[in-house]
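Asker: I have a structure I would like to understand better, so I am pasting it below and will then ask my questions one at a time.
Every number in this text was worked out from the coordinates using simple rules, so none of it is lab data. Quick caveat: nothing in here was measured; it's all calculated off a predicted structure. Cβ placement follows ideal geometry from the backbone for every residue including glycine, while neighbour counts extend to all protein chains displayed.
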Amino acid sequence: MSIYKHTLSVIFVFWIFVSSGVIKAQTCSCAGAPLINSQSLGAVEKGNLVLGFTGDYNHIDRLYSGTDELNNRTSERSTFTSLIEANYGLTSRITLSGTFSHVSKSRTTGLQNPGDSQELETSGIGDALLMAKYSVIQQTLWKPYQLMVGGGVKAPLGTNTLTSNGFALNADMQPGTGSWDGIGWMLFSYTIRSQNLTFYTVNSFKKTSSASRFNENDQYQFGDEFNSVFGMTKPAFDKFSYSLKMKYRTANSDTRNDSEMPSTGGEWLNVIPGFGYSLTDRLSMQVSGEIPLYQNVNGTQPSTTYILTGSVFFSLNKPSTGFNFGLPGRN
Amino acid sequence: MAQTESYGITWLSLEEAIESAKNDPKKVMLFMEAEWCTLCKKMKKEVFPDSEIQTMINNNFYAVRIDIESNESIIYEDKKWTKKELSKDFGLYATPTFIFLDSDESMIGNKPGYMDREEFMDLLTFVANEEYIESEF
């Protein structure tokens, strides 16, 4: 069902998940709009503002029962999420970030009857993620590693009460989740300087809350979820970089009026190759693709076939690569 | 870090450079580098071997290489440091970084990051001719 709605609402700056879903009995947990996993940007220099613009396309046309792919799929879905992210260096250790989303979803049902399929599209402002991150260990020339921790909330800016022809749409077709969720986040990176190779892990946890939808007796709560990314990145040819990441995600089943929803929740493991390019000192872009390696879903759910993500980042401050009077750290 | 390769540039110790500047005034150029610094290696491979660069440095500066991770002792402003301690005290945040001192040991300024041959020559000219007094680089 709609576990992935979670994803929709929350966090990402970089890539995203989506949930789909929707026919009763075949709702999904895969995917939708990205959030938590997008928070892979680390510390921002004090006084600097880094803006990110991300487009994320999640295509979902596989059907799984547990770990087994089924052949009798009856629907397919896709979600396109646009994210605008602002990261501001409040102090040398504290970075504030806000991520806002717009979500467009498409679902085609009745694929088992060729010529009789039906398509439904929804779109709207999605949820937002507001976070504060703290640099516990700051990376320097003499310390090739950093540790950051953070926390925040996913704010329910998106609607969760869209209808179609007078009928309430399932939670996973709504742009928003309607709930305030708590987010915990951490990033650790280590650079092997001799190889100019950086390994990192980004982990996040979302503690959800319930939200009423069409009336007070319709309380829906997405399952809590945990995301873990482990990856490496290395620069190449001056302005290029390439990366390879593994992403693990697990989500509890959704509940409706305190009853567990069938076919929601599960665990997924994806591989994400990508590359980056520095257009200028201030402007960079990243492109990545996400391919499922493993999924173990509760019940029967549509599952992601692939995700494509493109991001552009703009830094307000120009790196100080000019001639500076005095010493480097005391300008 | 072994500093056996000179790249056609006369490298001095910091103490030698400061002493020489007192006797025969020239500016002191500190090349702050690290063993793992690929951009430092790139400058040494692609920029320092240029004969005009070599001439410009040798005629106008006392050049000093400082390995920012070295525990080798060094004297600066009458105080004993390791090269690592001095680099940290300088507030270094990038390699390579070029730091320029005047002949009286006073600090002029710095420029972090890789430079190609043309940009590096411009920087050396900018500092050697004291253009920083009236203009920006």
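Asker: Between A:E216 and A:L49, take the C-beta separation as r, use R0 = 41 Å, and let me know the FRET efficiency to the nearest 0.05.
Answerer: 0.50
Asker: For B:K44, go through the aspartates and glutamates and keep the ones whose alpha-carbon is under 19 Å away, minus same-chain ones fewer than eight residues off.
Answerer: A:D238, B:E5, B:E33, B:E35, B:E52, B:D67, B:E69, B:D116, B:E118, B:E119, B:D122
Asker: Between B:D102 and A:T201, how high is the FRET efficiency from 1/(1 + (r/R0)^6) when r is the Cβ-Cβ distance and R₀ = 56 Å? Nearest 0.05.
Answerer: 0.75
Asker: OK, next. What's the longest uninterrupted piece of chain A once you rule out the chymotrypsin sites (Phe, Trp or Tyr not before Pro) that are loop residues per DSSP with at most 16 other Cβ within 10 Å?
Answerer: Details: sites that count: A:W142, A:W180, A:F214, A:F237.
Longest stretch, sites excluded: A:1-141.
Asker: Let me ask you something else. Return the subset of A:K234/B:K88; B:K26/B:K88; A:K143/B:K83; B:K42/B:K111 for which the Cα-Cα distance in this structure is over 18 Å, preserving the input order.
Answerer: A:K234/B:K88; B:K26/B:K88, as the Cα separations exceed 18 Å there.
Asker: Summing +1 for each Lys or Arg and -1 for each Asp or Glu, what net charge is found among the other residues whose Cβ lies under 14 Å from the Cβ of A:I192? Could the numbers behind the result be given before it?
Answerer: On the way: positive: A:K143, A:R193, A:K234; negative: B:E35.
Once positives and negatives cancel, what remains is +2.
Asker: Considering only B:Q54, B:N23, B:T10, whose Cα is most displaced toward the positive end of the charge dipole of the stretch B:1-57, charges sitting on Cβ of Lys, Arg (+1) and Asp, Glu (-1)?
Answerer: B:Q54
Asker: Tell me what the protein assembly as shown gives for mean residue ellipticity at 222 nm when only DSSP H runs of n ≥ 4 count, each as -39,500 (n - 2.57), the sum divided by the residue total, rounded to 500 deg cm²/dmol.
Answerer: -3500 deg cm²/dmol
Asker: Hey, what D do you get for the stretch A:2-315 in µm²/s if you plug the Kirkwood alpha-carbon radius into Stokes-Einstein at 25 °C and 0.890 mPa s?
Answerer: 127 µm²/s
Asker: With a point put 7 Å past each Cα toward its Cβ, work out how far B:N60 is from A:I125 in nm, to one decimal.
Answerer: Each label point is offset 7 Å from its Cα along the Cβ direction, giving 5.7 nm.
Asker: Still on this structure, please answer the following. Full extension from A:Y277 to A:Y190: what is 0.36 nm times the residue separation minus their Cα-Cα distance, to one decimal in nm?
Answerer: Full extension of this stretch gives 29.2 nm more.
Asker: Calculate the spin-label point distance for A:F230 paired with A:Y242, positioning each point 7 Å from the Cα along the beta-carbon direction, and give it in nanometres.
Answerer: According to this spin-label approximation, the distance is 2.1 nm.
Asker: Of all the stretches in chain B, which is the longest one without any exposed loop site, taking GluC sites (Glu not before Pro) in a DSSP loop (any state but H, G, I, E, B) with at most 13 other Cβ atoms within 10 Å?
Answerer: The answer is B:6-71.
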